[in-house]
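Here is the structure we will look at.
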Amino acid sequence: MPKTPAPPRLVAWETTRACNLACHHCRAEAVTEPLPDELGYEEGARLLRQLSEFSPPPFVILSGGEPLMREGILDLAALGTSLGLRMLLSTNGTLLTSGLCQKIRDSGIKRLSLSLDGPDATTHDDLRGVPGSFDAVTRAAALLAEAGLPFQINSTITPGNIFETSRIAGLARDLGAVACHVFLLVPTGRARDMETDGIAPDGYESALRELKLAEPFLQMEFKATCAPQYQRIACELGMHQPRSGKGCLGGNGFMFVGHDGMVAACGYLPLSAGSVRESHPVEVYARSPLFLALRDKSNYRGKCGSCEYWEICGGCRARAHAKGDYLGPEPLCPHEPASIRRRASHA
Ligand code: SF4
Ligand code: SF4
């Protein structure tokens, strides 16, 4: 009988796939109108009540698409708050007004995230697919700062902007963000055909190494997310913090609920662990075969399965899946585990 895992710290709920932008790298392949199989208000309310049964209750990210396009989103946020959930909102910022900021504050949302993919309009608007979205996100940051609502900047990192990451973090700080989280591109959804291999894996390795060394000078909370090898790099540089957790939290500290109720390890890994329309999310998190497989190193294949850094890294299961095997090696990591090096030297 597998032991009961620690509860997830974070649950992301894709409240809608409707969005007013058309980002080239959109994981959700967002569309302009809500999809017919989206969880309704009552189903969403039941989901929040069920999530509040985790002990302690997790942070819940209301995400999308663009969650502010969903009717009743702030009523759901207020319900989550009243249930003891710590509610977060992930938005592209384009729909914010000062009146809406007030309503967001009243709903008890603890922090928002704004997406910013470049230090200037050229890079950001190009990736977001809509001219003017850089101006819109900087205006949104100003509105949030004025309303006293804490926000972080989330950036998707591609071969095209990876060497601009320190500048993005600098801009985030200047905009008044409390944190900057960068997400290494996963080729899924509309990003499926985007180039991750252009500088891989050695280019990512040196960019991530440079970033780790720059981190103490960024003067703000900084996280490289969905770059699990960042933890291994931190270790190699003698900069690893034990409380920074495992690199990949998919199904093991983190859970994703899709617009239609499908539960996944994360939004980038399109494999179903169950559906909240049929099963209780606490049960799915504890016992689904997919999550159990992800938590057990002995299931991993290739170098991630033999790696001395697995406990703090694990490799990105979604990038491995995009290469054909979700338990296979992380394609963007050049590390050769010690056991493989030893075997090679004895051959
Ligand atoms: S599988 Fe990849 S994208 Fe998903 S949580 Fe893990 S590192 Fe992030
Ligand atoms: S081989 Fe896999 S587990 Fe090891 S550091 Fe690289 S990505 Fe992480």
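The condition (being free of Cβ contacts under 8 Å to residues at least 12 places away in the same chain and either under 19 Å from the mean Cα position of the chain (by Cα) or more than 10 Å from ligand 1 (Cβ to nearest atom) (or both)) is satisfied by just one residue among Asp260, Asp296: Asp296. Being without any contact (Cβ under 8 Å) to a residue 40 or more places away in the chain and under 18 Å from the mean Cα position of the chain (by Cα) is not true of Ala318.
Hey, any hits in region 251-266 for a residue that's at negative phi, modelled with pLDDT under 95 and crowded, with 17+ Cβ neighbours inside 10 Å? So far as region 251-266 goes, yes, one or more of its residues are at negative phi, modelled with pLDDT under 95 and crowded, with 17+ Cβ neighbours inside 10 Å. The conditions of being within 11 Å of ligand 1 (Cβ to nearest atom), of a type in the set (Asp, Glu), more than 30 Å from Met69 (Cβ to Cβ) and not in a helix (DSSP H, G or I) are not met by Glu311. Filter region 298-346 for residues that are within 12 Å of ligand 2 (Cβ to nearest atom) and of a type in the set (Asp, Glu); which is farthest from Val257 (Cα to Cα)? Looking at residues that are within 12 Å of ligand 2 (Cβ to nearest atom) and of a type in the set (Asp, Glu), I get Glu336.
Residue pairs whose Cβ atoms lie under 8 Å apart, separated by 6 or more positions or on different chains, with the first residue in region 333-347 and surrounded by 10 or more Cβ atoms within 10 Å (Cβ to Cβ) and the second among the polar types (S, T, N, Q), are Cys333/Gln229; His335/Gln229; Pro337/Ser306; Ser339/Ser306; Ile340/Ser306.
Can you tell me which residue within region 299-308, out of those that are within 16 Å of ligand 1 (Cβ to nearest atom) and either acidic (Asp, Glu) or not in a helix (DSSP H, G or I) (or both), is surrounded by the fewest Cβ atoms within 10 Å (Cβ to Cβ)? So the residue we want is Arg301.
Just give me the residues in region 27-74 being among the hydroxyl-bearing types (Ser, Thr, Tyr), closer than 26 Å to Ala318 by Cβ and at pLDDT 95 or above, in sequence order.
Ser63
Every residue, every condition in (1) polar (S, T, N, Q); (2) more than 30 Å from Tyr326 (Cα to Cα); (3) part of a strand (DSSP E or B), yes or no:
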site: Ala141; (1), (2), (3): no, yes, no
site: Ala145; (1), (2), (3): no, yes, no
site: Ile153; (1), (2), (3): no, no, yes
site: Pro159; (1), (2), (3): no, no, no
site: Glu164; (1), (2), (3): no, no, no
site: Ile168; (1), (2), (3): no, yes, no
site: Arg173; (1), (2), (3): no, yes, no
site: Cys180; (1), (2), (3): no, no, yes
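The values are calculated or read from the model by the stated rules, or taken from the named source; none is laboratory data. Note that the structure is a prediction, hence the values are computed from the model and not measured. No Cβ is skipped: glycine too gets one built from the backbone with ideal geometry, and neighbour counts run over all protein chains shown.
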